[in-house]
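In what follows, a single structure is set out as structure tokens and then discussed.
The values are calculated or read from the model by the stated rules, or taken from the named source; none is laboratory data. Remember, it's a predicted structure, so these values are computed and weren't measured experimentally. Please note: Cβ atoms are built from the backbone with ideal geometry, for glycine as well, and neighbour counts cover all protein chains shown.
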């Protein structure tokens with residue numbers, strides 16, 4: 001059988017374990033969004049390429065290691081006819097229940113965020129949610145410790161953003177801005 005020319009042979013579900021999170025208010029200037037005119041292919045409408053986040057002095061995106069095969073992303077087009085918007089949810093799962101996770105939730109449960117992640121095997125680019133004027137926020141979080149010894153202790157954090165679709169960008173700043 002000839003598979004030459006077949007598309008997406010490596011396509012699979014899942015997200016990489018690295019999630020990068022920044023305080024929305026730590027962004028000094030935002031990457032420019034592509035216009036909705038002049039694109040030669042659809043992907044250009046959400047691809048920011050080499051555009052950059054400029055962070056305030058001493059600020060950066062923080063890396064968070066989630067649990068493989070437990071993270072999920074959903075983007076839904078919602079709204080009335082001719083008034084559609086995107087609703088994006090990223091579920092970040094971390095094996096375990098700890099004071100560090102509870103502390104992070106306490107400190108960030110109402111904080112406006114920008115969150116970047118990568119789809120498993122799809123691209124070297126980050127996908128991010130939260131943008132100027134419309135930050136992402138923690139929508140809900142749960143920490144579970146099952147009764148049975150073989151159960152899985154898990155903390156799950158769902159981050160939600162609205163209006164814009166998820167955008168793709170080459171890099172996010174992981175070192176402190178000077």
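Criterion applied to 123, 127, 158 was being part of a loop (DSSP other than H, G, I, E, B) and within 25 Å of residue 77 (Cα to Cα), and the one residue passing it is 123.
Being in a loop (DSSP other than H, G, I, E, B) and either modelled with pLDDT of 95 or more or surrounded by 13 or more Cβ atoms within 10 Å (Cβ to Cβ) (or both) is the filter here, so list the residues in segment 54-71 that pass it. Full working, then the answer.
So the first thing to find is which residues in segment 54-71 are in a loop (DSSP other than H, G, I, E, B), and the list is 56, 58-61, 66-71.
Within segment 54-71, 56, 58, 59, 60, 61, 66, 67, 68, 70, 71 meet the criteria.
For beta carbons closer than 9 Å, sequence separation of 6+ or different chains, a first residue in segment 87-113 that is on the phi > 0 side of the Ramachandran plot and free of Cβ contacts under 8 Å to residues at least 40 places away in the same chain and a second that is part of a helix (DSSP H, G or I) and surrounded by 13 or more Cβ atoms within 10 Å (Cβ to Cβ), there are no qualifying pairs.
Looking at this structure, is residue 122 buried (at least 16 other Cβ atoms within 10 Å of the Cβ), at pLDDT below 95 and more than 21 Å from residue 163 (Cα to Cα)? In short, yes.
Among residues of segment 33-50 being in a loop (DSSP other than H, G, I, E, B) and over 18 Å from the mean Cα position of the chain (by Cα), the one that is modelled with the lowest pLDDT is 38. Take the conditions over 26 Å from residue 138 (Cβ atoms), out of contact with any helix residue (DSSP H, G or I) (no Cβ under 8 Å at 6 or more places or on another chain) and modelled with pLDDT under 95 and apply them to residue 96. Does it pass? When the stated conditions are applied, residue 96 does not pass them.
Results for (1) surrounded by fewer than 14 Cβ atoms within 10 Å (Cβ to Cβ); (2) touching a helix residue (DSSP H, G or I) at 6+ places or on another chain (Cβ under 6 Å); (3) not in a strand (DSSP E or B), shown as yes or no for each residue.
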| position | (1), (2), (3) |
| --- | --- |
| 52 | no, no, yes |
| 118 | no, no, no |
| 143 | no, no, no |
| 147 | yes, no, yes |
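Checking each residue in segment 14-29 for being surrounded by fewer than 17 Cβ atoms within 10 Å (Cβ to Cβ) and at pLDDT 90 or above picks out 16, 18, 25, 28, 29. The set of residues from segment 72-100 being within 22 Å of residue 59 (Cβ to Cβ) and buried (at least 17 other Cβ atoms within 10 Å of the Cβ) comprises 90, 92.
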